[in-house]
Amino acid sequence: MNNSTRKGPRQPAAARTPVSDKGAGVSDPTLEYSIQQVSEMLGIPIQKLRRWDEQGVLVAGRTNGGHRRYSRELIDRLNGSALATTSDKASKELATIRKSLAEKRRIIQLLLESESRYRDLVETSHDLIWTTDALGRFTYLNNGCVDIFGLQQKDLIGRCFFDFEAGLAHVSNRRFLSTLRRNGQVKNYLTHLISADGDDRWVGINARATYDDNSAIVGLRGTARNVTEQHKAALEIERFATHDTLTGLPNRVSLQKALEAALAEDEKGSVLLLDVDHFKYINDNFGHRAGDQLIIGIGGLLKDVVKDDNAQVFRLGGDEFALHLPDALRAEAAQVAERALTAVRHYKFRLGDQGSLSTLTASAGVVSYPFHGNDVASLLANVDIAMYQAKDNGRNRFVLHDHNPDDLRSTHRRVHWARELREVLDEDRVLLYSQPVVRLADRELVHHEVLVRILDRSGNIVLPGQFIEVAESLGMVQEIDLRVVAKVLEILKQPHMRGKKIRYFVNLSRVSLSDQQWVRRFHAMLAAAPVDHDQLVFEITETAAMAEVGVTQEFIAQMKKLGCRFALDDFGAGFSSFYFLKRFDVDYLKIDGNFIRGLATDEANRLFVRALCDVAKGLNKQVVAEWVETQEVLNILTEMGVLYGQGFVFGHPQPFPEEIGAGQPAAKLA
């Protein structure tokens with residue numbers, strides 16, 4: 001570097017050491033620098049160097065040619081001293097500059113890395129990231145646009161979301177912009193688009209407006225996501241909640257919503273509730289698969305019936321269907337009901353290799369709103385009542401709801417117990433109680449009669465007299481009988497219950513015995529149970545036994561093969577008791593409690609009971625007297641030679657099996 005023009009620092013005083021002329025004129029290899037070189041090196045003018053030389057301050061040596069030459073050692077020492085004072089300052093300044101530059105380079109590098117990361121994230125994001133101008137026209141989109149629009153970025157610049165709107169674009173656009181202007185942002189705005197390749201797209205949009213200094217919108221930016229699969233899944237979940245999975249028809253929830261909307265708008269219309277008659281018979285005899293196919297067929301049949309009407313078909317569950325008839329009042333609703341029942345009567349249901357079933361009928365109830373209820377619950381309760389009235393009146397008909405108090409009370413009770421018993425069975429609120437059967441000779445407890453109770457939804461215990469008759473008419477007593485016997489079998493399986501000589505009397509309904517499908521299930525359940533079947537005594541009422549003598553005889557014979565015993569309950573209630581007695585292979589006769597209760601005051605009762613005891617002994621059957629409630633009656637029965645007694649004088653019904661105790665012997669009663 002040429003320093004001839006640079007002003008160097010003055011030579012420090014400490015460096016002004018005279019250089020002797022020793023060696024002048026001698027060729028000395030250490031005298032390397034000319035006055036010109038020293039001037040350039042030290043930044044000292046030549047004139048000043050000559051003057052110093054003349055003044056002896058900085059004396060040069062002489063070459064043989066008489067030229068001034070300065071030694072390397074002197075110049076190096078002078079050069080170091082001259083620059084020392086400025087080098088420290090320069091070094092510090094340089095270090096500061098270098099540090100500042102390094103920091104700037106680091107910041108620039110971080111910015112570049114951040115920009116690179118941002119670019120990578122934006123370009124590789126599954127979400128669409130976009131910006132628009134003030135009119136909503138795209139100015140930037142990342143690669144996510146392909147998934148939503150089916151187009152590349154370059155093909156979308158200048159266009160907007162609502163160019164692809166599936167519905168009315170201006171409506172959706174106006175709603176979107178209105179929300180944006182009001183809130184400055186839009187979150188999770190769902191819109192339905194059609195992509196360039198014609199596919200449906202449900203898109204969720206998040207957007208935020210950008211403003212100028214005058215608070216005017218100058219652009220939008222945000223994200224969008226293809227939520228088509230999630231939206232379809234949500235619709236499917238909603239469909240499951242509002243539609244029947246077997247038939248695809250809208251369900252009870254949908255009917256309730258439709259009625260709520262109609263009532264809210266003060267509209268008029270009707271509801272028809274239709275129930276297939278004897279559907280349980282089809283399920284039990286042909287299987288649940290056939291039952292499901294029949295339900296699907298009936299659903300399609302009803303849709304055909306109302307295809308030309310302003311009506312909708314619903315499946316409410318089981319074999320119940322509903323028709324909502326907006327704007328239709330009683331006369332028109334009655335016509336639709338008649339057409340529906342006629343269509344069911346003419347429907348031939350194919351049973352595969354078993355041919356077809358062509359004896360189907362249905363029962364229906366009809367209500368009109370708001371006349372028969374100004375809320376959904378009342379309407380559905382009243383149409384339920386009307387439908388049950390149709391069943392009570394012989395089935396295969398429809399009933400228009402009316403306000404006859406007697407009919408309403410009867411049907412209300414039936415509807416109540418239909419629902420109550422269904423819930424009782426579904427929630428297993430069947431309870432077992434038992435009452436002791438005592439040997440009169442020594443007052444020893446020898447047997448128990450198992451009694452059924454149910455727990456209602458309020459937690460109250462309900463006696464069988466309140467629900468058994470209704471359960472029989474509704475076809476639900478068979479399931480109650482099975483549930484009771486199943487619970488008894490579970491108790492008898494317990495180790496502490498085995499080997500006991502105590503027998504357990506269990507009542508069976510006549511409806512159950514006449515149902516061959518039920519008999520098969522009952523027999524299979526008993527045969528599979530690891531219990532001593534001799535501990536079981538099944539009670540059948542005298543009237544039930546005589547209603548179908550052959551069926552009863554066959555049932556008793558089957559159960560006896562398993563080792564079970566039988567009792568004829570309420571004996572004496574019929575007019576032909578003694579005639580039929582020899583036809584039933586029973587082990588016990590339980591005398592109707594009405595004869596026992598009046599034994600102390602009615603001579604005819606005493607004659608009957610005494611005669612019955614004599615006949616029973618002759619036929620080798622054991623007699624049990626029911627309703628023994630006083631000591632006087634107990635004494636008369638003992639005197640007559642009646643073997644067993646049962647009634648309040650011995651004990652009230654108690655929960656079963658708690659009163660027995662785990663493995664404890666039965667207590668002797670006084």
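Would you tally the residues in the stretch 612-652 being under 58 Å from the mean Cα position of the chain (by Cα) and either outside any loop (DSSP other than H, G, I, E, B) or surrounded by 14 or more Cβ atoms within 10 Å (Cβ to Cβ) (or both)? Break it down stepwise before answering.
Residues of the stretch 612-652 under 58 Å from the mean Cα position of the chain (by Cα): 621-630, 644-652.
Subsequent filtering for residues that are either outside any loop (DSSP other than H, G, I, E, B) or surrounded by 14 or more Cβ atoms within 10 Å (Cβ to Cβ) (or both) retains 621-630, 644-647, 649-651.
Looking only at that region, the number is 17.
Quick check on my filter: what residues within the stretch 161-174 are of a type in the set (Gly, Ala, Ser) and either buried (at least 17 other Cβ atoms within 10 Å of the Cβ) or in a helix (DSSP H, G or I) (or both)?
Ala169, Ser172
Only one of Ile454, Ile480 is within 38 Å of the chain's Cα centre (by Cα) and part of a helix (DSSP H, G or I). Can you tell me which?
Ile480
So which strands (runs of 3 or more DSSP E) are wholly in the stretch 500-577 and hold at least 2 residues that are aromatic (Phe, Trp, Tyr) and closer than 18 Å to Glu490 by Cβ?
Fully inside the stretch 500-577 and qualifying: 503-507.
Look through Thr191, Thr247, Thr223 and report the one residue that is assigned to a strand (DSSP E or B), surrounded by 14 or more Cβ atoms within 10 Å (Cβ to Cβ) and under 29 Å from the mean Cα position of the chain (by Cα).
Matching residue, one of Thr191, Thr247, Thr223: Thr191.
Return yes or no: is Phe538 within 24 Å of Gln622 (Cα to Cα) and aromatic (Phe, Trp, Tyr)? Before you say what the answer is, go through the steps one by one.
Values: within 24 Å of Gln622 (Cα to Cα): yes; aromatic (Phe, Trp, Tyr): yes.
Spelling it out, Phe538 is indeed within 24 Å of Gln622 (Cα to Cα) and aromatic (Phe, Trp, Tyr).
Pick from the stretch 282-321 the residues that are of a type in the set (Lys, Arg) and closer than 19 Å to Val253 by Cα: which of them is least open to solvent (accessible area, probe 1.4 Å)?
By that ranking, first place goes to Arg315.
Taking Leu177 as the residue in question, decide whether it is open to solvent by 30 Å² or more (accessible area, probe 1.4 Å) and in a helix (DSSP H, G or I).
Yes; evaluated as a whole, the condition is true for this residue.
May I ask you to list the residues in the stretch 555-598 that are modelled with pLDDT of 90 or more and either over 19 Å from Tyr644 (Cβ atoms) or open to solvent by 40 Å² or more (accessible area, probe 1.4 Å) (or both)?
Phe555, Ile556, Ala557, Gln558, Met559, Lys560, Lys561, Leu562, Gly563, Arg565
All but one of (1) under 29 Å from Ala334 (Cβ atoms); (2) open to solvent by 40 Å² or more (accessible area, probe 1.4 Å) hold for Val276; state the number of the condition that does not hold.
Status for Val276: all satisfied but (2).
Of the residues Phe522, Phe538, only one is within 28 Å of Arg439 (Cα to Cα), of a type in the set (A, V, I, L, M, F, W, C), open to solvent by less than 20 Å² (accessible area, probe 1.4 Å) and out of contact with any Asp or Glu (no Cβ under 6 Å at 6 or more places or on another chain); which?
Phe538
Quickly run through the stretch 142-160 and pick out the residues that are open to solvent by less than 20 Å² (accessible area, probe 1.4 Å) and closer than 17 Å to Val218 by Cα. Please lay out each step first, then the result.
Start the filter on the stretch 142-160 by keeping residues that are open to solvent by less than 20 Å² (accessible area, probe 1.4 Å), which leaves 142, 144-145, 148-149, 156.
Within the stretch 142-160, none qualify.
The values are calculated or read from the model by the stated rules, or taken from the named source; none is laboratory data. Just so we're clear, the structure is a prediction, and the values are computed from it rather than from any experiment. Counting neighbours? That spans all protein chains shown, and the Cβs are built from the backbone with ideal geometry, glycine included. These accessible areas exclude ligands, DNA and RNA; they are computed on the full protein's heavy atoms, side chains included. Shrake-Rupley method; radii C 1.70, N 1.55, O 1.52, S 1.80 Å.
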